[in-house]
Amino acid sequence: LAKTTQPISMDSYEGQEVNITCSHNNIATNDYITWYQQFPSQGPRFIIQGYKTKVTNEVASLFIPADRKSSTLSLPRVSLSDTAVYYCLVGQTGANNLFFGTGTRLTVIP
Amino acid sequence: GAVVSQHPSRVICKSGTSVKIECRSLDFQATTMFWYRQFPKQSLMLMATSNEGSKATYEQGVEKDKFLINHASLTLSTLTVTSAHPEDSSFYICSARKRGGTFHEQYFGPGTRLTVT
């Protein structure tokens, strides 16, 4: 599994767009990029997954450049309830397990 | 759909006793379930992978005789912490993958906070 690097923490004001970048220089051809969100004392929740270019769902957008060595999770107009830890994971579909990195602790400020 | 439950949500036990944690997939069949441990302010650490009807596969450094995992059905896996000690106090989280599911399709339970006194 490719190792990922994310900022340890980020702060943002309510209503702003937040972009969290993840580096995965050793990503393999068959690897997908997946982001999870975790609130305190809860299990992680799947946010979004992508392979290349851009993926958007009702919660977030995921931008992946052509070389796929990084990815950016974009959260539009964050609210206080978006305060959580966000994990970027890279691995192959069909792989059996998930290895979580350090994650990015996002704090949304009123 | 894809709801995973854990029971209990919180447990306090005395040192030397054993504790069983249940993980259930409520609305789907889970051929594979995973157990994670998370210490405060740290990331999730995979402990073991559990396949229905077979022995669990433990990650390096995880004692299989201390953390007993049973995956007796397609909807239930249990983790038993035997002879618990204060250093076993942690947040234990399970996840389940649907039959035929892909890498990202793991659904996590709400976690169980274990405190050993």
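Give me the net charge for the shell around A:LYS69: Cβ to Cβ below 15 angstrom, other residues only, Lys and Arg +1, Asp and Glu -1.
Numbers: positive: A:LYS3, A:LYS52, A:ARG68; negative: A:ASP31, A:ASP67.
Spelling it out: positives minus negatives among the neighbours equals +1.
Under the √(5λ) rule applied to the eigenvalues of the Cα gyration tensor, what semi-axes describe the equivalent ellipsoid of chain B? Give them in Å, descending.
Numbers: eigenvalues 103, 40, 34 Å².
Equivalent-ellipsoid dimensions as semi-axes: 23, 14, 13 Å.
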³J(HN,Hα) computed for each position of region B:2-13 - Karplus, 6.51 cos²θ - 1.76 cosθ + 1.60, integer Hz, glycine/proline x: 6, 9, 10, 10, 10, 9, x, 7, 8, 9, 10, 9
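With only Lys, Arg, Asp and Glu charged, each at its Cβ (+1 for the first two, -1 for the last two), find how big the charge dipole of the protein assembly as shown is about the Cα centre; round to the nearest 20 debye. Kindly include the intermediate steps, with their values, before the conclusion.
On the way: 21 positive and 16 negative charges, 49 e Å.
Dipole about the Cα centre, nearest 20: 240 debye.
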Toy charge model, Lys and Arg Cβ at +1, Asp and Glu Cβ at -1: region B:11-115 dipole around Cα centroid in debye, rounded to 20, equals 100
Projecting the Cα atoms of A:THR53, B:GLN42, A:ILE64 onto the charge dipole of the protein assembly as shown, where Lys and Arg contribute +1 and Asp and Glu -1 at Cβ, the residue farthest towards the positive end is B:GLN42
To make sure I understand the rule: partners must be lysines, Cα under 21 Å from the Cα of B:LYS55, and not fewer than 8 residues away in the same chain. Which ones qualify? B:LYS20, B:LYS64, B:LYS66, B:LYS98
Out of residues 5 or more away from A:GLY43 or on other chains, whose amide H comes under 5 Å of its own, with H placed 1.01 Å from N in the peptide plane? B:GLY111
Unit-weight point scatterers at every alpha-carbon of region A:1-73, Debye formula, q = 0.21, 0.25 1/Å: log10 I(q)/I(0) is -1.02, -1.33
Note on the protein assembly as shown: the mean projected area of its alpha-carbon convex hull, in nm², is 12.4
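Given N residues in region A:34-105, what is Rg(Cα) / (2.2 N^0.38 Å)? Before the final figure, lay out each step's value.
Working: Rg = 12.4 Å, N = 72, 2.2 N^0.38 = 11.2 Å.
That works out to 1.11 for region A:34-105.
Assign unit charges at the C-beta atoms only (+1 for Lys and Arg, -1 for Asp and Glu), then state the dipole size of chain A relative to its Cα centre in Debye, rounded to the nearest 20.
About 280 debye.
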Full-extension gain between A:ALA66 and A:ASN25, please, as 0.36 nm times their residue separation minus the C-alpha to C-alpha distance. 13.5 nm
In a GNM of chain A with a 10 Å cut-off on Cα contacts, which of A:GLN92, A:GLN42, A:GLN16 has the highest mean-square fluctuation? A:GLN42
Where a Cα-Cα gap under 18 Å defines reach, which aspartates and glutamates qualify for A:LYS54, not counting those fewer than 8 residues away within the same chain? A:GLU17, A:ASP31, A:ASP67
Here region A:79-88 yields Karplus 3J(HN,Hα) values (6.51, -1.76, 1.60; θ = phi - 60°; whole Hz; Gly and Pro given as x) of 10, 4, 6, 8, 4, 5, 9, 10, 10, 9
How large is ³J(HN,Hα) for each residue in region A:22-32, as worked out from phi by the Karplus curve 6.51 cos²θ - 1.76 cosθ + 1.60 (θ = phi - 60°), to whole Hz, x for Gly and Pro? 10, 9, 9, 4, 9, 4, 8, 4, 8, 7, 9
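Every number here is computed from the coordinates shown, using simple stated rules; none is lab data. Everything numeric here is computed off the predicted structure, so don't read it as measured data. As a convention, Cβ positions derive from the backbone with ideal geometry for all residues, glycine included, and neighbour counts pool all protein chains shown.
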